[in-house]
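Scroll down for the structure; my scribbles are underneath it.
The values are calculated or read from the model by the stated rules, or taken from the named source; none is laboratory data. Since the model is a prediction, treat every value here as computed from it, not as a measurement. A quick note on method: Cβ atoms are made from the backbone with ideal geometry, for glycine too, and the neighbour counts reach across all protein chains shown.
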Amino acid sequence: MRERKQYKKIVYFSPGYFHAREGLFIEISKHFNIKVIDISHKKINGSPSENYLRNVKNEIWDFNSAKLKRINKESIPRLFWKIFIELKKNNYDIVITSTQHTLHSKIVAFYRPFFKFKLAYVNEAWIYFPKKSFLDRAYEKLAVCMVRKADFVLNEGIRSEEFMLSLGLPKARCLFWPMMSEDLMLKPIAINKYLEGLLEFKENSINFAYVGRFSKSKGVFTLLDAFIFLLNKSHFNNVFMYLVGGGYEIVKVREIAKKFSNIIVIEWVTPAELPFIYSRMDFFVNPSHYDGFSTVACEAASMSLPLILTKMVGCVPDLLVDNDNGFVVEAKSSTELAKAIERIVEVGKEKRLQMGYQSRMKFLEMSSFQHHINSINLMLNE
């Protein structure tokens, strides 16, 4: 194992800071010589990303213009040159990058014929989202071309792999690379007086959480329509909906919520505060009209919460069994969502705890780092 760690070299070009991947990179570094390069340097909730991988070899490349839609012409030759030098100097065995809208992933594909490394793309689930603009449709064709030329495609889950197989990729080139979410059950719970005040529940209250961006595509208004309809029923007097997040529609969400005492808005919180919020909830809802794998659904499952997810949430085939650890509903249907909320409210406490336990078991089975180690070994041995 020591010899492999010294010899087998991997570089992961990350499109940005993702706190949920810290544990993954640390685990991989125990087995292989991995270097993580954060291309689009950002600060997350005031925490600089240079602090997040102290135990793993990493570099920050401050290319805030790496996003294709915001590309700065002056940065193109600089990024081409920087990636070339990185590949030339280090003689990597595996290069891992992403199908996201980033310039670096296209540059790595450009250099692939000139080096001997094996190229693997992490299939970010959004590449099969509805494409509205000409640029989105053109990018999808480019992304499909890239993954077809890659040695391997690393899929977040069942739906991601099905999409790749539908493009004609051989199953042997499609490897499992689970979407990483932190196991929040193992995180210390950070409490502050502001959150304590908002989460001071009535006796025997039933509490739902939505965590994410406030936008139409995330289904937050579908959720509001469903929940407001249910508030007309007397047995919903003690049921509360906590909307945690922010975004373009924050003002509209606030305007709706202030009319109902059972709807509470909690604006953006830090990752460290999320375990406390989840720990106070009974259920989690993701009403997205379309979504990627959904980190927040995984986080909620890690905290033993039963789930209500739409069919368009990417992790549904991997994480949710209908009527076992939650319910699956059609997207964009406030009627179906209301029925699912009402149905899950009516389950007894014992059944609720059992559903939550099943959520956590499915999360632990799916999120094991061993899946990633196995996939790396398969790439090296191919």
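Listed residues Asn381, Asn325; which is among the polar types (S, T, N, Q) and modelled with pLDDT under 95? Walk me through how you get there before you give the answer.
Values: Asn325 fails: modelled with pLDDT under 95.
Of the residues listed, the single one that is among the polar types (S, T, N, Q) and modelled with pLDDT under 95 is Asn381.
Within the stretch 176-203, restricting attention to residues that are among the small types (Gly, Ala, Ser) and touching a helix residue (DSSP H, G or I) at 6+ places or on another chain (Cβ under 9 Å), which residue is farthest from Glu299 (Cα to Cα)? Show your work before the answer.
Of the stretch 176-203, the ones among the small types (Gly, Ala, Ser) are 181, 190, 197.
Of the ones still in play, those that are also touching a helix residue (DSSP H, G or I) at 6+ places or on another chain (Cβ under 9 Å) are 181, 190.
Values: Ser181: 6, Ala190: 16 Å.
It comes out as Ala190.
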Output for Cβ contacts, cut-off 9 Å, separation at least six or different chains, first residue more than 27 Å from His372 (Cβ to Cβ) in the stretch 177-196, second of a type in the set (A, V, I, L, M, F, W, C) and in a loop (DSSP other than H, G, I, E, B), reads Leu195/Val269
Any chance you could count how many residues in the stretch 228-255 are out of contact with any Phe, Trp or Tyr (no Cβ under 8 Å at 6 or more places or on another chain) and either within 16 Å of Lys332 (Cβ to Cβ) or not charged (D, E, K, R) (or both)?
-> 8
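Just the residues that are of a type in the set (Gly, Ala, Ser) and under 20 Å from Leu307 (Cα atoms), please, taken from the stretch 187-210.
Keep residues of the stretch 187-210 that are of a type in the set (Gly, Ala, Ser), which gives 190, 197, 205, 209.
Passing the criteria: Ser205, Ala209.
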Only residues in the stretch 116-130 that are in the same structural domain as Tyr92 (by TED's automatic domain parsing) count as the first member; pair them with residues that are among the charged types (D, E, K, R) and modelled with pLDDT under 85, Cβ under 7 angstrom, at least 6 apart or cross-chain, and list the lot.
-> Ile127/Glu140
Conditions (1) in contact with a Phe, Trp or Tyr (Cβ under 7 Å, 6 or more places away or on another chain); (2) assigned by TED's automatic domain parsing to the domain that holds Arg352; (3) crowded, with 20+ Cβ neighbours inside 10 Å; (4) outside any helix (DSSP H, G or I): number failed by Ala190 = (3)
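Got a sec? Which of Ala257, Ala338, Ala331 is touching a Leu at 6+ places or on another chain (Cβ under 6 Å) and under 14 Å from Phe221 (Cβ atoms)?
Numbers: Ala257 fails: touching a Leu at 6+ places or on another chain (Cβ under 6 Å); Ala331 fails: touching a Leu at 6+ places or on another chain (Cβ under 6 Å).
It is Ala338.
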Positions within the stretch 157-187 being of a type outside the set (A, V, I, L, M, F, W, C), more than 15 Å from the chain's Cα centre (by Cα) and assigned to a helix (DSSP H, G or I), in sequence order | Glu161, Glu162, Ser166, Lys171, Arg173
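Please count how many residues of the stretch 262-299 are among the hydrophobic types (A, V, I, L, M, F, W, C) and touching a Ser or Thr at 6+ places or on another chain (Cβ under 7 Å). Break it down into steps so the answer makes sense when it comes.
Taking the stretch 262-299 and keeping what is among the hydrophobic types (A, V, I, L, M, F, W, C), we get 263-266, 268-269, 272, 274, 276-277, 281, 283-285, 293, 296-298.
Remaining after also requiring touching a Ser or Thr at 6+ places or on another chain (Cβ under 7 Å): 298.
Of the residues in that region, 1 qualify.
Okay, residues lined up against (1) in contact with an Asp or Glu (Cβ under 6 Å, 6 or more places away or on another chain); (2) among the polar types (S, T, N, Q):
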position	(1), (2)
Ile158	yes, no
Ala172	no, no
Phe176	no, no
Ala190	yes, no
Lys193	no, no
Thr222	no, yes
Arg254	no, no
Could you say which residue among Glu267, Glu273, Glu255 is over 21 Å from the mean Cα position of the chain (by Cα) and of a type in the set (Asp, Glu)?
-> Glu255
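Looking for something crowded, with 16+ Cβ neighbours inside 10 Å, assigned to a helix (DSSP H, G or I) and touching an Asp or Glu at 6+ places or on another chain (Cβ under 7 Å) - is there at least one such residue anywhere in the stretch 327-335? First the steps, then the outcome.
Within the stretch 327-335, the subset crowded, with 16+ Cβ neighbours inside 10 Å is 327-329, 331-334.
Narrowing the set further to residues that are assigned to a helix (DSSP H, G or I) leaves 334.
After this cut, where a residue has to be touching an Asp or Glu at 6+ places or on another chain (Cβ under 7 Å) as well, the list is 334.
Scanning the stretch 327-335, I find at least one residue that is crowded, with 16+ Cβ neighbours inside 10 Å, assigned to a helix (DSSP H, G or I) and touching an Asp or Glu at 6+ places or on another chain (Cβ under 7 Å), so the answer is yes.
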What tally of residues in the stretch 194-228 results from selecting those that are part of a strand (DSSP E or B) and more than 25 Å from the chain's Cα centre (by Cα)?
-> 1
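Just to be sure before I move on: is Leu364 on the phi < 0 side of the Ramachandran plot, in contact with a strand residue (DSSP E or B) (Cβ under 8 Å, 6 or more places away or on another chain) and in contact (Cβ under 8 Å) with a residue 24 or more places away in the chain in the structure I sent? Before you say what the answer is, go through the steps one by one.
On the way: on the phi < 0 side of the Ramachandran plot: yes; in contact with a strand residue (DSSP E or B) (Cβ under 8 Å, 6 or more places away or on another chain): no; in contact (Cβ under 8 Å) with a residue 24 or more places away in the chain: yes.
Answer is no for this residue.
Here's the yes/no breakdown for (1) more than 20 Å from Met185 (Cα to Cα); (2) touching a Lys or Arg at 6+ places or on another chain (Cβ under 7 Å); (3) free of Cβ contacts under 8 Å to residues at least 40 places away in the same chain:
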site	(1), (2), (3)
Arg280	no, no, no
Pro287	yes, no, no
Cys298	no, no, no
Met303	no, no, no
Val313	yes, no, yes
Gly348	yes, no, yes
Lys351	yes, no, yes
Ile376	yes, no, no
Checking Val347 against (1) of a type in the set (Val, Ile, Thr); (2) modelled with pLDDT of 95 or more; (3) farther than 26 Å from Glu161 by Cα, the condition it does not meet | (2)
Counting residues that are under 23 Å from Asn155 (Cα atoms), which helices (runs of 4 or more DSSP H) fully inside the stretch 237-320 reach at least 3?
-> 295-302, 316-319
